[in-house]
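Trainee: To start, I am sharing the structure in question, which I have written as structure tokens.
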Amino acid sequence: MARPHREALVIVSGLHRWLGLFLLVLLLGSAAYGREDQHVLVIGRVSDDPAAHYDRLKPLLDYVVERLGDVGIREGRILMARDGQAMISYLRQGRVDWVTETAGASVAMIDRGGAELLLKGWRGGRSQYQSLFVVRRDSGIENLDALRGHSVGFQHPMSTSAYLVPAGMLLEAQLDVAVLLSPLDRPSPDFVGYAFTGTETNSVAWVHKRIVDAAAISNQDWETLIEPVPAYAADLRIIDRSPDYPRALELVRGSLDPEIRRRLREVLLAAASDPAAAPALSNYFRTERFTLPDEETLAQLATLRRLAARVRQSLE
């Protein structure tokens with residue numbers, strides 16, 4: 001039986017939207033695409049919103065596939081995973097060729113999925129960013145140690161900048177960290193309590209409204225969500241920040257054909273200078289260009305690896 005076109009599965013409007021999303025998650029999450037077709041390039045993404053991420057990935061995938069004919073690629077497909085563990089499994093099975101991810105998720109895929117680092121992406125004029133701890137100016141909290149007995153808002157368990165890195169920083173500061181029953185719950189005096197806010201916007205609003213005592217955000221969120229808002233800029237301040245780490249990374253499975261890997265790298269590196277690629281790059285999570293990883297990138301990933309190990313051991 002012929003395999004259905006992916007576009008037919010994405011129903012994004014009207015009364016059928018919920019059914020379309022359900023079918024999309026079911027199909028993609030089951031690794032329905034086998035790898036008997038060696039002329040197919042499969043890009044993967046961990047996603048809790050497959051329809052939206054499909055739309056972000058498809059234009060750049062099409063652009064790349066059109067330029068990989070000389071290495072035998074004639075078709076592109078998208079494989080979503082419900083979580084990092086599923087994507088690691090897909091990498092190990094060879095079901096996905098190319099993965100775009102945050103730095104924190106990339107470390108796990110490299111270490112446990114056999115993925116290899118291909119390129120780093122630039123977004124907002126940068127290839128790296130930082131995690132910040134933000135509090136109200138009138139909170140009396142001056143440093144991480146003063147967070148004992150207080151609450152912190154993390155964005156999401158899959159966030160590098162607003163969970164993995166800041167949670168690791170708290171643990172490396174020898175602080176006991178524990179999840180709260182709700183954002184309004186108070187931790188024991190010797191613990192730092194945390195709750196997930198869901199979005200960066202919520203993280204900022206929750207600390208400003210005193211729902212939590214501190215929030216973890218990226219320095220880019222500070223510049224876009226706090227500095228332009230007079231009330232936030234006047235009332236909030238930074239008490240600590242992490243070292244730099246990569247903003248976004250492109251990975252490939254370790255067993256990918258070397259010629260396909262070479263051409264994929266060449267096409268992505270050249271995309272920023274090709275006007276035809278501009279719409280696809282912008283759609284691809286507002287990516288501006290790709291560059292080669294360097295020794296600094298590897299050192300940053302080593303730091304992330306250490307922090308991730310602390311978080312997995314203590315909180316997950």
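The values are calculated or read from the model by the stated rules, or taken from the named source; none is laboratory data. Remember, predicted model here, so these are calculated numbers, not experimental data. Cβ coordinates were reconstructed from backbone atoms using ideal geometry, including for glycine residues, and neighbour counts include every protein chain displayed. Only protein heavy atoms, including side chains, enter the accessible area calculation; ligands, DNA and RNA are left aside. Shrake-Rupley method; radii C 1.70, N 1.55, O 1.52, S 1.80 Å.
Trainee: Which number in (1) touching a Phe, Trp or Tyr at 6+ places or on another chain (Cβ under 9 Å); (2) surrounded by 17 or more Cβ atoms within 10 Å (Cβ to Cβ); (3) assigned to a helix (DSSP H, G or I); (4) in contact (Cβ under 8 Å) with a residue 60 or more places away in the chain marks the one condition that Ala308 misses?
Mentor: Of the numbered conditions (1) touching a Phe, Trp or Tyr at 6+ places or on another chain (Cβ under 9 Å); (2) surrounded by 17 or more Cβ atoms within 10 Å (Cβ to Cβ); (3) assigned to a helix (DSSP H, G or I); (4) in contact (Cβ under 8 Å) with a residue 60 or more places away in the chain, the odd one out for Ala308 is (1).
Trainee: (1) open to solvent by less than 50 Å² (accessible area, probe 1.4 Å); (2) part of a loop (DSSP other than H, G, I, E, B): which one isn't true of Trp206, the others all being true?
Mentor: (2)
Trainee: Does the stretch 14-30 contain at least one residue that is at pLDDT 95 or above, under 23 Å from Glu101 (Cα atoms) and not in a helix (DSSP H, G or I)? Break it down stepwise before answering.
Mentor: The initial filter retains those residues of the stretch 14-30 that are at pLDDT 95 or above, namely none.
Scanning the stretch 14-30, I find no residue that is at pLDDT 95 or above, under 23 Å from Glu101 (Cα atoms) and not in a helix (DSSP H, G or I), so the answer is no.
Trainee: Please specify each residue of the stretch 165-195 satisfying the condition of being open to solvent by less than 30 Å² (accessible area, probe 1.4 Å) and in a strand (DSSP E or B).
Mentor: Val177, Val192, Gly193, Tyr194, Ala195
Trainee: How many of the residues making up the stretch 118-138 are part of a loop (DSSP other than H, G, I, E, B) and surrounded by fewer than 16 Cβ atoms within 10 Å (Cβ to Cβ)? Before the answer, list the steps.
Mentor: Step one: list which residues in the stretch 118-138 are part of a loop (DSSP other than H, G, I, E, B), which gives 124-125, 127, 130, 137-138.
When the remaining residues are screened for being surrounded by fewer than 16 Cβ atoms within 10 Å (Cβ to Cβ), the result is 124-125, 137-138.
Matching residues across the stretch 118-138 total 4.
Trainee: Sort through Ile238, Ile217, Ile226 and tell me the only one that's among the aliphatic types (A, V, I, L, M), open to solvent by 50 Å² or more (accessible area, probe 1.4 Å) and under 23 Å from Gly125 (Cβ atoms).
Mentor: On the way: Ile217 fails: open to solvent by 50 Å² or more (accessible area, probe 1.4 Å); Ile226 fails: open to solvent by 50 Å² or more (accessible area, probe 1.4 Å).
Only one candidate passes the filter, namely Ile238.
Trainee: Is there any pair linking a residue in the stretch 29-44 that is under 18 Å from Gly113 (Cβ atoms) and aromatic (Phe, Trp, Tyr) to one that is modelled with pLDDT under 50 and surrounded by 13 or more Cβ atoms within 10 Å (Cβ to Cβ), with Cβ under 7 Å and at least six apart or on different chains, and which?
Mentor: Cβ pairs passing all conditions: none.
Trainee: Can you tell me which residue in the stretch 80-104 is farthest from Gln300 (Cα to Cα), limited to those that are open to solvent by less than 30 Å² (accessible area, probe 1.4 Å) and acidic (Asp, Glu)?
Mentor: Going through the qualifying residues, I end up with Asp97.
Trainee: For the stretch 139-159, give me each residue that is modelled with pLDDT of 95 or more, among the hydroxyl-bearing types (Ser, Thr, Tyr) and crowded, with 20+ Cβ neighbours inside 10 Å.
Mentor: Restricting attention to the stretch 139-159, the residues satisfying the condition of being modelled with pLDDT of 95 or more are 139-155.
Next cut, among the hydroxyl-bearing types (Ser, Thr, Tyr) only: 139, 151.
Answer for the stretch 139-159, where residues must be modelled with pLDDT of 95 or more, among the hydroxyl-bearing types (Ser, Thr, Tyr) and crowded, with 20+ Cβ neighbours inside 10 Å: just Ser151.
Trainee: May I ask you to say which residue of Arg261, Arg253, Arg247, Arg265 is in contact with a helix residue (DSSP H, G or I) (Cβ under 7 Å, 6 or more places away or on another chain), under 29 Å from Leu281 (Cα atoms) and surrounded by 13 or more Cβ atoms within 10 Å (Cβ to Cβ)? Give the derivation first.
Mentor: Numbers: Arg261 fails: in contact with a helix residue (DSSP H, G or I) (Cβ under 7 Å, 6 or more places away or on another chain); Arg247 fails: in contact with a helix residue (DSSP H, G or I) (Cβ under 7 Å, 6 or more places away or on another chain); Arg265 fails: in contact with a helix residue (DSSP H, G or I) (Cβ under 7 Å, 6 or more places away or on another chain).
When all the criteria are applied, what remains is Arg253.
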